[in-house]
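The values are calculated or read from the model by the stated rules, or taken from the named source; none is laboratory data. Every value quoted in this text rests on a predicted model; they were computed, and no experiment measured them. Positions of Cβ are generated from backbone atoms using ideal geometry, with glycine treated the same way; all protein chains shown enter the neighbour counts. Note: accessible area is taken over every heavy atom of the protein model, side chains too, but ligands, DNA and RNA are not part of it. Shrake-Rupley method; radii C 1.70, N 1.55, O 1.52, S 1.80 Å.
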Amino acid sequence: MKLTVIGLGQCGCRIADHFARLNLKAQTERRATIAPDIVAVNSDQADLTGLRFIKKDYMHSILIGLRQTLGHGVGKINEIGAQLAREDGDKVMEAIKAEPRFYETHAFLLIGGTAGGTGSGALPVIAQMIKDRYLNKPIYALLVLPFEHEISSETRSVYNTATCLKSTFEVADAVFLADNQRYVRKDASLVNNIEKINRQIAEPFYDLMCAGEVTKHKFVGARTIDAGDLIATLEGWTTIGIGRTPLPSLRFPWEIRKKNFREKALESFRGSQALDATLSDLSIACNPKDASRAMYIIAGPSKEMNMDMVKSISECIKEIAPTALIRGGDFPGEKHFIDVTLILSQISFVPKVKELYEKAVQYGQEHKIQLEETHKKIQSLSEVGKELPTL
Ligand SMILES: Nc1nc2c(ncn2[C@@H]2O[C@H](COP(=O)(O)OP(=O)(O)OP(=O)(O)O)[C@@H](O)[C@H]2O)c(=O)[nH]1
Ligand SMILES: [Mg+2]
């Protein structure tokens, strides 16, 4: 599947930058183009400058709201982010249209952090603009949810997240959720952590996007997943994950022929092992039973992927997501691992979304009461000095 990727705000642009990296990787490793058009949109000039793979010209790195923010972001007010997108959205639409390879792409992927101002506000607005203009291409969103400490201490982050989730869900065909907190490694430094998290968020899309796009015969699987399968799978709240099991390294190539029955049995077990890893690494916590669609892709050396493995993986998925319509395929692209990518889509209940909606409503009410109280206090103070003359 080929995607037109649009990153919005700092978080969105940095993850879009990883998609640009993966596109280069696909071109060199697999001779496949998976994201021919990648655009970064931000109101913050410095953030745009820091990107490594997205082109720096004004058709690929787009600064919005320069007049209002002077290139310094909107400071977490997502209403302003939305307003800037309404005013400057044409720049993004023009950039999409100007890319000659745009017509090859099957769908849009808009990426943004929900807790900030620019990405959170601009994403649903740009999604709507695209929807009005391009009727035949689905629009997917990849929304990054805030860390736990942001949820507990920054009411504005929760409010931004809830409004962004709600507005995006109404416009986009599917919304991938990625919960920052699930990727945190306690021992890593902050910069390292963020870089690793971004890598982990983007990585699961790699095999899926490559599978239908490879041109070399040796990379074409027995049952290939292509854009049609993905489009039929993706709808509503969606999660994605990848898990891997390493293959034993062979000292000599002929060793592979000497497998005994125990090693042979282990082979199909490797698939389930990778699937277990996938399930514990899904981008958002949810119950697979609530998913109505599922898709998996098994990547590994073709010699290592046998029918037993495919069977055991699909049976496992059937067990954990009994009501889901399951699609699956293989992709002989990996050399040293068995990777299982899993998408669960049309998820009817996501606990985190419920929590964020509830908190935002509660904060909204508290904020209103607080505002009224402050207003009253200010008024009563001026009452005290009513008799004084003004200068
Ligand atoms: N995974 C990940 N999360 C990020 C990254 N940068 C910021 N975030 C998260 O995204 C949220 C903030 O959004 P940003 O993208 O920084 O905000 P913005 O869209 O640039 O908006 P303003 O800076 O307010 O104009 C917070 O929850 C951060 O924890 C990143 O590179 N990766
Ligand atoms: Mg910013």
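Of note:
- Cβ pairs under 8 Å, 6+ apart, first in segment 19-46 and touching a residue at least 60 places away in the same chain (Cβ under 8 Å) and farther than 30 Å from Leu66 by Cβ, second among the β-branched types (Val, Ile, Thr) and within 16 Å of ligand 2 (Cβ to nearest atom): none
- Qualifying residue in segment 257-265 (condition: outside any helix (DSSP H, G or I) and at pLDDT below 90): yes
- Only listed residue being within 16 Å of ligand 1 (Cβ to nearest atom), open to solvent by less than 50 Å² (accessible area, probe 1.4 Å) and of a type outside the set (D, E, K, R), chosen from Ala211, Ala172, Ala178: Ala178
Residue-by-condition table, conditions (1) of a type in the set (Val, Ile, Thr); (2) at pLDDT 95 or above:
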residue: Ile139; (1), (2): yes, yes
residue: Thr161; (1), (2): yes, yes
residue: Leu165; (1), (2): no, yes
residue: Phe169; (1), (2): no, yes
residue: Ala172; (1), (2): no, yes
residue: Val175; (1), (2): yes, yes
residue: Ser189; (1), (2): no, no
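- Within segment 104-117, residues that are assigned by TED's automatic domain parsing to the domain that holds Gly73 and open to solvent by 10 Å² or more (accessible area, probe 1.4 Å) have Cβ atoms under 8 Å from residues that are more than 14 Å from ligand 2 (Cβ to nearest atom) and among the aromatic types (Phe, Trp, Tyr) in no pair, counting only partners at least 6 apart in sequence or on another chain.
- Sole residue being surrounded by fewer than 18 Cβ atoms within 10 Å (Cβ to Cβ) and within 29 Å of Ile297 (Cα to Cα), chosen from Glu203, Glu148: Glu203
- Selection status of Gly73, in contact with an Asp or Glu (Cβ under 6 Å, 6 or more places away or on another chain), of a type outside the set (D, E, K, R) and within 16 Å of ligand 2 (Cβ to nearest atom): yes
- Inter-residue pairs, beta-carbon under 8 Å, first hydroxyl-bearing (Ser, Thr, Tyr) and in segment 359-376, second open to solvent by less than 100 Å² (accessible area, probe 1.4 Å) and in a helix (DSSP H, G or I), 6+ apart: Tyr363/Thr155; Tyr363/Val158; Tyr363/Tyr159
- Residue match in segment 108-116 (condition: of a type outside the set (Val, Ile, Thr) and within 27 Å of Lys216 (Cα to Cα)): yes
- Residue, most open to solvent (accessible area, probe 1.4 Å), within segment 151-169, restricted to residues that are hydrophobic (A, V, I, L, M, F, W, C) and in contact with a Phe, Trp or Tyr (Cβ under 8 Å, 6 or more places away or on another chain): Phe169
- Residues satisfying the criterion are absent from segment 202-217 (criterion: basic (Lys, Arg) and outside any loop (DSSP other than H, G, I, E, B)).
- Test: residue in segment 197-209 that is closer than 16 Å to Lys335 by Cα, at pLDDT below 85 and not assigned by TED's automatic domain parsing to the domain that holds Ile34: no
- Here Ala16 meets the list (1) away from ligand 2 (no atom under 16 Å from the Cβ); (2) under 20 Å from Tyr206 (Cα atoms) almost entirely, failing just condition (1).
Residue-wise test of (1) in contact with a Ser or Thr (Cβ under 8 Å, 6 or more places away or on another chain); (2) among the small types (Gly, Ala, Ser); (3) in a helix (DSSP H, G or I); (4) touching a residue at least 60 places away in the same chain (Cβ under 8 Å).
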{"site": "Ile313", "(1), (2), (3), (4)": "yes, no, yes, no"}
{"site": "Arg327", "(1), (2), (3), (4)": "yes, no, no, yes"}
{"site": "Val340", "(1), (2), (3), (4)": "yes, no, no, yes"}
{"site": "Ser345", "(1), (2), (3), (4)": "yes, yes, no, yes"}
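- Helices (runs of 4 or more DSSP H) completely within segment 1-79 that count 3 or more residues being modelled with pLDDT of 95 or more: 9-30
- For segment 311-342, a residue qualifies if it is touching a Gly at 6+ places or on another chain (Cβ under 7 Å) and aliphatic (A, V, I, L, M), and the qualifying residues are Ile313, Ile338, Val340, Leu342.
- Qualifying residue in segment 64-80 (condition: out of contact with any Pro (no Cβ under 8 Å at 6 or more places or on another chain) and under 24 Å from Glu104 (Cβ atoms)): no
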